[in-house]
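One structure below.
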Amino acid sequence: MAQPQPKQSGDGPRHVAIIMDGNGRWATQRGRPRLFGHQAGARRVREIVEACPDLGVDYLTVFAFSTENWKRTQSEVAGLMSLFRRYITREAKALKANDVCVRFIGDRVRLDAKLVSMMDELEALTANCRSVNLTIAINYGGRDEVARATKRLARDVALGKLDPEAVDEETLPKYLDTCVLPDPDLVIRTSGEARISNFLLWQSAYAEYEFVDTLWPDFSAEEFRKTVGGFGTRDRRYGAVRA
Ligand code: IPE
Ligand code: IPE
Ligand code: MG
């Protein structure tokens, strides 16, 4: 399948990806446990999704849990996993009613079976929705994704389905978790950190970045609109020189 072409500068971003960071600090500032921040962060997602259609954002991808986040305490990890289950239960109806097509990326092997079946059900429930494509990254790492893709690609070579000489930069993305998504045009990270922490490494080769100081639970639809609005002034050159 042909990869959708990136938009030219002057247009709004078609695909926005967000590294939703700062929940822990937000809670700590209030003298509350980190999980309190994660709960507030999860509640933020709805208004950001709902802001997308008016902004012309067809694809929204959010980073919810990285392959490195297992290094946190057992109680924070368990709290996050239970929050993901509650999020799906609570939001499924509204997502469907808002015509939001939900997909999950990341390695499901390490996730508990109950959560995985809820993810599958939500994907099936919203498969025909057309308003916004919401992709939620859980147990996602860009390097892990490329490694898993390479494994599948190597299998196809071993089976004789793929000629190694035919492998080019169009081939590998077909094996990535994001194979049906266009590349992100804009990646936003909240909380003031200016790093990408293993998010969409391959896909973001030509993304524009916005690092904002706001902690994720405070990131409002209004700030999202402003951040997305700033994208139109970027001159995306893709290595070429404009006349
Ligand atoms: C982002 O917030 C959510 C996850 C990584 C799960 P953090 O939990 O990283 O919040 P800070 O960075 O510690 O403030
Ligand atoms: C990135 O945030 C992952 C998510 C937002 C899910 P982290 O808080 O895990 O990243 P680092 O540790 O600051 O790089
Ligand atoms: Mg963080």
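Quick notes on this structure:
- Applying the Karplus relation 6.51 cos²θ - 1.76 cosθ + 1.60 with θ = phi - 60° to the stretch 66-79 yields 3J(HN,Hα) values of 9, 5, 8, 5, 5, 6, 6, 4, 4, 6, 5, 4, 4, x Hz, where x marks Gly and Pro.
- In this structure GLU210 has an accessible area near 50 Å², from a 1.4 Å probe over the protein heavy atoms.
- Solvent-accessible area of the stretch 134-243 (1.4 angstrom probe, protein heavy atoms only): carbon and sulfur portion equals 52 percent.
- Close amide H contacts of VAL102 (hydrogens built in the peptide plane, cut-off under 5 Å, sequence separation of 5 or more or a different chain): THR126, LEU134.
- Of the trypsin sites (Lys or Arg not before Pro) found in the stretch 171-232, those that fall in a DSSP loop while having at most 16 other beta-carbon atoms within 10 Å are ARG195.
- Charge tally in the Cβ shell below 14 Å around ALA27, where Lys, Arg are +1 and Asp, Glu are -1, ALA27 excluded: +4
- With pairing defined as another cysteine C-beta under 4.7 Å, the cysteines of the chain that fail it are CYS52, CYS179.
- Highest-MSF residue in the chain out of VAL157, VAL100, VAL62 [GNM, Cα springs under 10 Å]: VAL157
- Rounded to the nearest 500, the 222 nm mean residue ellipticity of the chain from helices alone is -12500 deg cm²/dmol, with -39,500 (n - 2.57) taken per DSSP H run of at least 4 residues.
- Rolling a 1.4 angstrom probe over the protein heavy atoms with all chains in place gives the chain an accessible area of 50 Å² per residue.
- Per residue, the average separation of C-alpha pairs within less than 8 Å and at least 6 apart gives the chain a relative contact order of 31 percent.
- Computed over protein heavy atoms with a 1.4 Å probe, the carbon and sulfur contribution to the accessible area of the stretch 1-127 reaches 52%.
- Rounded to the nearest 10 Å², the accessible area of ARG148 at probe 1.4 Å: 40 Å²
The values are calculated or read from the model by the stated rules, or taken from the named source; none is laboratory data. Here the structure is a predicted model, which means the values were calculated and not measured. Cβ sites come from the backbone with ideal geometry, for glycine too, and all protein chains shown count toward neighbours. Note: areas computed on protein heavy atoms with side chains; ligands, DNA, RNA excluded. Shrake-Rupley method; radii C 1.70, N 1.55, O 1.52, S 1.80 Å.
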